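Below you'll find the structure, written out as structure tokens, and then a few comments.
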Amino acid sequence: MLSLWLVALAGLLWLALMFGTALYGERHPALFARRWRHVYALSLAVHCTSWTFYGTVTQAARYGWPLPPTFIGAILFYALAVFFMIRLVRLARESNATSLADLIATRLGKDAWLAATVTLVTVLGLIPYIALQLQAITMSFSTLTVSANAAGSGAPPLWRDGALYVALAMALFAILFGTRRASAAEHNRGLVLAIAFESMFKLLAMLALGGFVWFGLKELPEASHALPTQPAGGFVPLVILGALAMLLMPHQFHVGVVECRDEADVRTARWQFPLYLLLIALPALPLARAGMAMFGDRVPSDMYALALPLAQGNQGIALLVFLGGLSAATGMVIVGTLALSLMIGNHWFAPGLLRGAWARGIGDDERGDHRGDLLLLRRVGIVTIMLLGWAYSR
């Protein structure tokens, strides 16, 4: 096992490095102008959450799928519907939409109640997903510092719950780089660069794990039972789900549509993003086979990615995989929380405030400049969403 303080310090340093990357991108936008299409394509890999590190292995162990069906759906979407995506980017730019709720309401008569309803459905759907990311971080942290068998043994006391501190750190990051301007339509280069950077890091971490499984494992015992050779039911619905996630998940819509600066970037992403998905999924099936052979049911299959290198004494790979999973969860949670806070502020609170206190011009602000109020609403929304996700994870 690794030292608790070592793992915690590594995680904090990684989050600080992401923060520094975002800050650098904000202050030096010209350095990445010529290569921004590649940055954009990498940022789409926010789709690869901590589930990519842990859940795909379980899926491969259960069904024997070499490529997750949700990844197949995403690949097919960019291969076959790229012109639809370009049209979506164009519509969002023309209507100044900053979320899917904005776009739907604008296209259907600017109905405020419809936008509020879309926001409600999105909140109800995304908070459990945020909770899963926080739970994955907690389980992986326990696996490294306690034991693989105790990784999911129950919720710790509040003051010892690492997920709470991770949630607060992510909320702080989202506030610092998502609420610096009142205009949500402005492109946030720093945040997109940080997501692209974490996408590259988690790909390298997964490929390093794959290299360890392929070349670094000692001779494995015979598996107690072989992996399935025929896909189980539900394959096609999962493919459809993966395709729809490219435009319906708020974090994916924000990165893929709102932050798209040029329609030509989508054409570059048409082949770079599917290539990324193919590469990051490569180790899943070999990892599942090795985990089943070495551990069977003694270790949760979600934790094979960490338990295998630990069992072989390779703590460096185990720590790298943990940071890759932390990176994957962080990217999704930050962007998803930011997107939700924009939707909540725009479609739940702002209409009422405009009809009420703002319309009466309370205070000395006679010009009707309420940018500070908007930013405060978003910040409160980010913290609230993150704490709701943490509470749900418990």
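Before moving on, here are some points about what is shown:
- The calculated 222 nm mean residue ellipticity attributable to helices in the chain amounts to -22500 deg cm²/dmol, summing -39500 (n - 2.57) over DSSP H runs of n ≥ 4 and dividing by all residues.
- Inter-site label distance for Ile240 and Arg261 at 7 Å from Cα along Cβ, in nm: 3.8 nm
- Couplings 3J(HN,Hα) of segment 195-211, computed from phi: 5, 5, 5, 5, 5, 5, 5, 5, 5, 4, 5, 5, 5, 5, 5, x, x Hz, in residue order, whole Hz [Karplus 6.51 cos²θ - 1.76 cosθ + 1.60, θ = phi - 60°; x for Gly and Pro].
- Shape category assigned to segment 283-348 from the gyration tensor of Cα positions, a/c cut at 1.5: prolate
- Helix 82-95 and the long axis of the chain differ in direction by around 30°, with both axes built from C-alpha atoms.
- Leu15 - accessible surface, heavy atoms, 1.4 Å probe, Å² rounded to 10: 30 Å²
- Portion, in percent, of the accessible area of the chain that falls on carbon or sulfur, probe 1.4 Å: 64 percent
- Compared with the dominant principal axis of the Cα atoms in the chain, helix 162-178 is inclined by about 40°.
- Three-way shape label, segment 1-65, alpha-carbon gyration tensor, a/c 1.5: oblate
- Using the 1.4 Å probe convention, the accessible area of the chain works out to 45 Å² per residue with neighbouring protein chains retained.
- Solvent-accessible surface (1.4 angstrom probe) belonging to Tyr392, in square angstrom, nearest 10: 150 Å²
- Column: log10 I(q)/I(0), Debye, Cα scatterers of segment 1-146, q = 0.14, 0.21 Å⁻¹: -1.11, -1.34
- Solvent-accessible ranking of Leu44, Leu13, largest area first, probe 1.4 Å: Leu13, Leu44
- Computed on the Cα atoms alone, the convex hull of segment 267-313 gives a volume of 74 cubic angstrom per residue.
- Once the Cα atoms are used to define both axes, helix 4-27 deviates from the longest principal axis of the chain by about 40 degrees.
- Solvent-accessible area of Met139 with every protein chain in place, 1.4 Å probe, in Å² to the nearest 10: 40 Å²
- Cα shape, the chain, gyration tensor, a/c 1.5 rule: prolate
- Our summary gives the chain a relative contact order of 38 percent, counting only alpha carbon pairs under 8 angstrom and 6 or more residues apart.
- Solvent exposure ordering (accessible area, 1.4 Å, most first) of Asp111, Asp265: Asp111, Asp265
The values are calculated or read from the model by the stated rules, or taken from the named source; none is laboratory data. This structure is a prediction, so every number in the text was calculated from the model and none was measured. Neighbour counts run over all protein chains shown; Cβ positions are idealised from the backbone, glycine included. Remember, those area values only see protein heavy atoms, side chains included, never the ligands or the DNA or RNA. Shrake-Rupley method; radii C 1.70, N 1.55, O 1.52, S 1.80 Å.
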